[in-house]
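For reference, the structure is listed below as structure tokens.
Since every read-out is calculated from the coordinates, none of them should be taken as a lab result. Just so it is clear, the model here is predicted, and its values are computed rather than measured. Here the Cβ is made from the backbone with ideal geometry for all residues, glycine too, and neighbour counts use every protein chain on show.
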Amino acid sequence: MAPTLGPGDFAAELERLRALAAALAAELGTVATTARTLGRERAILRLIGVTGVDREGRPLAAEVVDRYVSGHLDRLAAGIALPFAIALLEYDVAPQVLALDVAGGTVDLAMEAELLTEPGRRAAAEDLLEQLVAAALDRIDANRTARRELLGVLGDRRPPWIGTTLLEPSAHGATGEAIEMIRAGADLVRVEVPVGRELAMRLGELGQDVAGWRPARDDEPDPAPTGSQRGLARLRDALDRAAAERGAYVRLATVPTALAGPEGAVVAAFERADLIELDPMTEIVGTGVDPDRALADFAFAARVVRRAETVIVLGAGPLVVAPDLDAGVNSDPATRAGRALGLQLLAVALANRHGLGGGSVVIGALPTWLIGEPFATARAAAEVAVRRALLPEHSLAFVESVGHESTGRWAAIAAAVQPGDATALVLRRAVPGPAFGSVAAGTGAAAEVARELDAALGDRVLDGIARAHAAGSIASAQRTLERLAEDGWAALTGAVERGGWGRLGGEAVAPAADPADPVERALG
């Protein structure tokens, strides 16, 4: 059924929430758009043709950026694009060749950047950079057109699209797994991108080991991680073939890790991913990324996916517990849910500010931890009703948690509160291919039942525990945004002295020396 608030319920409170989120997004988004980060610079190199690994097996774009910036914030503020472009002119080579030479130490971009002081050479570098970026945007535009045309030829299944996460870490195995899932009824496959070098290094400094990727088999032909650009290219081709076989389009969703959103957006645009999970609030609160860094990365990534018409999936909001730790008292479920709601609303407002409207952003319907709370069904109904009232132009995503045992409780609750006309995506936990058939069939049946109940009964207004939870959540969301506006991020993340947590990537963000450089002008 379709849970809703009663006529006029919380109207003033919801309007206040929207105003708070819009004001914060205006302040934070302006700063974020004019910042430079290591992630943005790596993404620009990918945009103009740098891919893969260097001769030592290191990520090539990352190696080039690290060698050039090398801790100098003035270089980061100026960006790598123009020094790279002038070196291309000097050596008359392709971007990939130059990148390999920089990574190998035979070309020093810092020395090449000195040539930019000569007006004629700078103008030539700007012209070349504009041509390279224009070619990249042409490629993105062609993929956008290809998606539309393929949808027109194959047709589309009615939402919600049922999907799951691929388990195979290598592209070779993942293509077969994906085809098996599609034949079993999946409309979407989700791919988690491996942890990037920057995040792995930062976590390593905090004593957290990150396992490197290895092929599943020693004899695997041309091994590549499933979430790498090469891996996604192979997967996209396999999905299109499977879609043609079944007679309906199949979607690809990618999940970049923290500190890698800009690169993830470029790769998603180049390899025609249909959805991408980008959530700056979860990076800040859940992973401990520096807020300025997370928001700057999000600003760049959002403009890339806007061009590609890739849909952003925003989670239902992170679990914020720092205020409870500071107070020494556990908060109730409505308070925790409200904190998540407030931050989700802020993320949506930021996406809107970067040009992504309702059809471009799908929002998580339920915080994953809510299923384990008392009266979880009533609370879930409240969560859905509040989001439908607060963000009516955005479709919902129901995402099954991987952190709880599969008892069927999540599926039952999601089926009970799922609106028949506002759900875009139901993402089930990963299961082996043969077992997914029954999961997909049950999930599809639940969606059909929701549609029929909506038609037969109409909206159902919250009452009792559900209405009380909605009231508490809305009040908590308002307090959360007010505290953020008054006291900054420390009010939600707690102390940042714990070994650097809360400041991951903070040393790799700087105000732009030239906010209107050729790349920014091209992206708009």
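Mind checking the full-extension length gain between E393 and A516? Use 0.36 nm per residue of separation minus the Cα-Cα distance, one decimal, nm. Present the calculation step by step, with values, prior to reporting the outcome.
Working: separation 123, 0.36 × 123 = 44.28 nm, distance 3.18 nm.
Value of the extension gain: 41.1 nm.
Placing dummy labels 7 Å off each Cα toward the beta-carbon, the span from A244 to A146 is 1.3 nm.
So which GluC sites (Glu not before Pro) in the range 39-133 are both in a DSSP loop and have at most 12 other Cβ atoms within 10 Å of their Cβ?
On the way: sites: E41, E56, E63, E90, E112, E114, E126, E130; in loops: E56.
Filter output for the range 39-133: E56.
If R0 is 41 Å, the Cβ-Cβ spacing of R214 and A456 corresponds to a FRET efficiency of close to 0.20.
From the gyration tensor of the Cα coordinates in the range 230-277, what semi-axes in whole Å does the equivalent ellipsoid have, largest first, with each one equal to sqrt(5λ)? Please report the intermediate quantities before stating the final value.
Values: eigenvalues 103, 19, 10 Å².
Ellipsoid half-lengths, sorted descending, are 23, 10, 7 Å.
Could you put M201, M281, M111 in order, starting from the residue whose Cβ has the fewest other Cβ atoms within 10 Å?
On the way: M201 13, M281 25, M111 10.
Ordered from fewest to most neighbouring Cβ atoms within 10 Å, M201, M281, M111 come out as M111, M201, M281.
As a ratio to 2.2 N^0.38 Å, the alpha-carbon radius of gyration computed for the chain takes the value 0.98.
Please give the per residue volume of the convex hull enclosing the alpha carbon atoms of the range 271-404, rounded to a whole number of Å³.
Numbers: hull volume 15.5 nm³, N = 134.
That works out to 116 Å³ per residue.
Extent of the range 408-524 along its three principal axes (Cα atoms, max minus min coordinate, largest first): 58, 40, 35 Å. Given R0 = 25 Å, the distance between the Cβ atoms of D237 and R139 translates into a calculated FRET efficiency of 0.95. Here the range 225-283 and the range 141-198 have alpha carbon centers that stand 7 Å from each other. Rounded to the nearest whole Hz, the Karplus-based 3J(HN,Hα) values (6.51 cos²θ - 1.76 cosθ + 1.60, θ = phi - 60°) of the range 17-26 follow the sequence 4, 4, 5, 4, 5, 5, 5, 5, 5, 5, with x at glycine and proline. The separation of the range 1-76 from the range 434-451, counted between C-alpha centres, amounts to 35 Å. Within the range 34-134, the ratio Rg/Rh, alpha carbon atoms throughout and Rh by Kirkwood, equals 0.93.
With n ≥ 4 as the cut-off for DSSP H runs, can you work out [θ] at 222 nm for the chain, using -39500 (n - 2.57) per run divided by the number of residues, rounded to the nearest 500? Provide the component values of the computation, followed by the final result.
On the way: 21 runs with 288 residues, N = 524.
Calculated mean residue ellipticity at 222 nm is -17500 deg cm²/dmol.
Please list, by residue number, everything in the range 359-375 whose backbone N is under 15 Å from a paramagnetic label point 7 Å out along Cα→Cβ of A435. No residues fall inside that zone.
Antiparallel beta bridges, as assigned by DSSP with both residues in the chain, represent about 15 percent of the total such bridges. Taking a point 7 Å out from the Cα of D332 in the direction of its Cβ, the residues of the range 450-467 whose backbone N falls within less than 17 Å of it are 463-467. Here each label is just a point 7 Å from Cα along the line to Cβ, and for D127 and L89 those points are 0.8 nm apart.
Kindly express, to the nearest 10 degrees and within the range 0 to 90, the angle between helix 376-390's C-alpha long axis and the longest C-alpha principal axis of the chain. Its long axis makes an angle of about 60 degrees. When the square roots of the Cα gyration tensor eigenvalues are ordered a ≥ b ≥ c, the ratio a/c for the range 81-200 is 1.5 or more and a/b exceeds b/c, which makes its shape prolate.
As a footprinting exposure proxy, order R40, R251, R18, R307 by other Cβ within 10 Å, with the fewest listed first. Each step should come with its number before you reach the end.
Values: R40 27, R251 21, R18 14, R307 18.
Ascending Cβ contact count within 10 Å gives the list R18, R307, R251, R40.
Quick one: order R202, R55 by neighbouring beta-carbon count within 10 Å, fewest to most. Display every interim value, and only then the final one.
On the way: R202 24, R55 10.
Arranged by neighbour count, lowest to highest, R202, R55 become R55, R202.
If we count every other residue with Cβ under 9 angstrom of A296's Cβ, Lys/Arg +1 and Asp/Glu -1, where does the sum land? Please list the in-between numbers first.
Numbers: positive: R36, R40, R293; negative: D292, D297.
Its environment carries a net charge of +1.
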